[in-house]
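Only one structure is covered here, and it is reproduced in the block below.
The values are calculated or read from the model by the stated rules, or taken from the named source; none is laboratory data. None of the values given here were measured: they were computed from a predicted structure. Don't worry about glycine lacking a Cβ; one is built from the backbone with ideal geometry, like all the others, and counts go over all protein chains shown.
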Amino acid sequence: MILNKKAQEEIVGFVLIVIIVAIAGVILLGIFLRQPENNSQESKDIYHFLESAMEITTSCAPSYEPAYSKLSELFKYCFEGLSTCTSGDIPCDVLNKTLTQTIDSSFFVNEQAEIKGYQFQSSYSTNSTQKEILSISRGNCANSIQGSEILLPAFPGTISNTLKLCY
């Protein structure tokens, strides 16, 4: 009798372990299936490109001629509404032109190429507001996307610059 009882206890223990593993498997499967499907991926290469692009010296000098601004500063000037550079150009126009040239010279965008298009968005945001600064797009962005975002401090909020490359 004692032998039968030990065997029954072992079988009950084995069944409990199988049930616990099955429940954990169902929970993990449910979590995996509930995650939204996204064709966008974060790219370190694009982040490094944005980081480097923010250091490009532009043709806009806000106060005196040899003090040319970096691209990152032009986002702030454009948001704040700085009227003109010493050359007479508007900072937002210089920003748009410089950034478009930089992206176009860095990535070959064509319908027959690997990169079919791109989208660049810049916006200022605080906890309660968000305002678009600049938006540039080119090509077709229907399929898979790789992108990244870089944040610039702009008290009391931040300027978010996002570049997405479409493949």
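Of all residues in the stretch 98-146 being among the hydroxyl-bearing types (Ser, Thr, Tyr) and part of a helix (DSSP H, G or I), which is farthest from Glu42 (Cα to Cα)?
Our first condition is that a residue be among the hydroxyl-bearing types (Ser, Thr, Tyr); within the stretch 98-146, this holds for 98, 100, 102, 105-106, 118, 122-126, 128-129, 135, 137, 144.
If we keep only those that are part of a helix (DSSP H, G or I) too, we end up with 98, 100, 102, 105-106.
Values: Thr98: 24, Thr100: 21, Thr102: 20, Ser105: 22, Ser106: 18 Å.
Per the criteria, the residue is Thr98.
For the stretch 70-96, a residue qualifies if it is basic (Lys, Arg) and crowded, with 16+ Cβ neighbours inside 10 Å, and exactly one does: Lys76. Report whether or not Gly157 is touching a residue at least 60 places away in the same chain (Cβ under 8 Å) and surrounded by 12 or more Cβ atoms within 10 Å (Cβ to Cβ). The answer is no for Gly157. Going residue by residue through the stretch 59-81, is there one that turns out to be farther than 27 Å from Gln130 by Cα and part of a helix (DSSP H, G or I)? No, the stretch 59-81 contains no residue that is farther than 27 Å from Gln130 by Cα and part of a helix (DSSP H, G or I). Just checking, does the stretch 101-116 include any residue being modelled with pLDDT under 90 and of a type in the set (Ser, Thr, Tyr)? No: zero hits.
Please verify whether Tyr64 is exposed (fewer than 10 other Cβ atoms within 10 Å of the Cβ), hydroxyl-bearing (Ser, Thr, Tyr) and free of Cβ contacts under 8 Å to residues at least 40 places away in the same chain, treating the condition exactly as stated. Yes. Per the listing Thr57, Thr98, the residue uniquely closer than 22 Å to Ser160 by Cβ and of a type in the set (S, T, N, Q) is Thr98. If you go through the stretch 125-167, how many residues are basic (Lys, Arg) and either within 21 Å of Asp93 (Cα to Cα) or modelled with pLDDT under 90 (or both)? Going through the stretch 125-167 one residue at a time, the tally reaches 2.
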